1. Given the rule -39500 (n - 2.57) for each run of at least 4 DSSP H residues, summed and divided by the residues of the chain, what is its mean residue ellipticity at 222 nm, to the nearest 500 deg cm²/dmol?
2. Just order 19-30, 205-216 by mean Cβ neighbour count inside 10 Å, highest at the front, would you?
3. Taking the Cα atoms of the chain, what is the range of coordinates along each of the three principal axes, in descending order and whole Å?
4. Going by how many other beta carbons lie within 10 Å of each one, how would you line up W151, W220, fewest first?
5. Just rank I35, I57, fewest to most, by other beta-carbon atoms within 10 angstrom.
6. Once phi is turned into θ = phi - 60°, what whole-Hz ³J(HN,Hα) does the Karplus curve with 6.51, -1.76 and 1.60 give for every residue of segment 168-175, x standing for Gly and Pro?
7. Taking just the alpha-carbon atoms of segment 234-274, what radius of gyration and Dmax come out, in angstrom?
8. In segment 1-46, if every C-alpha pair distance is counted and binned at 10 Å from zero, what percent goes to each bin?
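Bear in mind these aren't lab numbers, they're just calculated from the coordinates by the rules spelled out. Small disclaimer: the values here were computed from a predicted structure and weren't measured. So basically every Cβ, Gly included, is an ideal-geometry build from the backbone, and we count neighbours across all protein chains shown.
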Amino acid sequence: MGVYEKLRGITGNLFQFLKGEGSQIKDDAAGAFEIRDKDDADFDALRVAAIRSTNTINDVPALVDLQGRIADIYFSFDGASAPAPGTNTNEFGFCHTTGGSYTAGQVVYDDGTSLLLMPDEVVTGLTTRSAISGTISFNANCLYVLEGGSWILKGVAPDLGVEHIIEIPFDYTDTTVDSTSVVPDGAKVTRVAVVVTTAFNGSNPTVGAVVNGGTPLTIWQTGDSNLKLTNQYEDNEVKEVGAANEGVVRLTVTPAGSTAGEGFMLVEYDITSS
């Protein structure tokens, strides 16, 4: 049974719990309120609830509030089909389309048991790990700031709007050759070229290429070039790279008995800005 009394205060500047074994509350006489360890030798941790939507300027932030100041968005969702808590534990998410109990533009934190709604007063900026598409759409790898209730692009990723070129050399001794660079999700392959610098002398030598993700995306057919002639062959058809395609460029070379022959493939891609 608990006992309650009308206690106004104490005469000292320390108040301790657990009969001398617990943490202490201290007034440091300089206008600060401290949480001290049992020996008053160091500070103890103080835990508080995350800042709620009903708040004041003097509310104390929790760690999640500090992490969410510029939230690093790992996942996005339609409010009508929000992911179950625990699907993205310890990650921030973004509602791109209004539905259910969520409104487009809201940021949540998956703490493993619930999707904690982060107040606008806490999350004033965010960064995107991948492109987001919905009523509100974001580019990948960008910084957005909340201004007047709207998310405004403030930073452009270095890759956006820049043409990238990957060169992969190959010769008659190769079977598969991988690039060291990765073609990322959201890229558009705009041009592929095969340049034969030394003719292959086999019966029917060929080269093909894919962006070698979990689902390989073909960007060069084996019949698109004649390796027996020193020519340049090109394909300017745009090919979109999705999340399942992201990967290195893999060449498959069939020398067909060649004892000579070499060349290289150029793969050009960009990541466009909306």
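1. Working: 1 runs with 5 residues, N = 274.
Result for the chain: -500 deg cm²/dmol, rounded to the nearest 500.
2. Working: 19-30: 11.7, 205-216: 19.4.
Top of the packing list down: 205-216, 19-30.
3. 99, 42, 37
4. W151, W220
5. On the way: I35 13, I57 5.
Exposure proxy ranking, most exposed first: I57, I35.
6. With the stated coefficients, segment 168-175 comes to 10, x, 8, 8, 5, 8, 8, 10 Hz.
7. 14.7, 49
8. 25, 49, 23, 3
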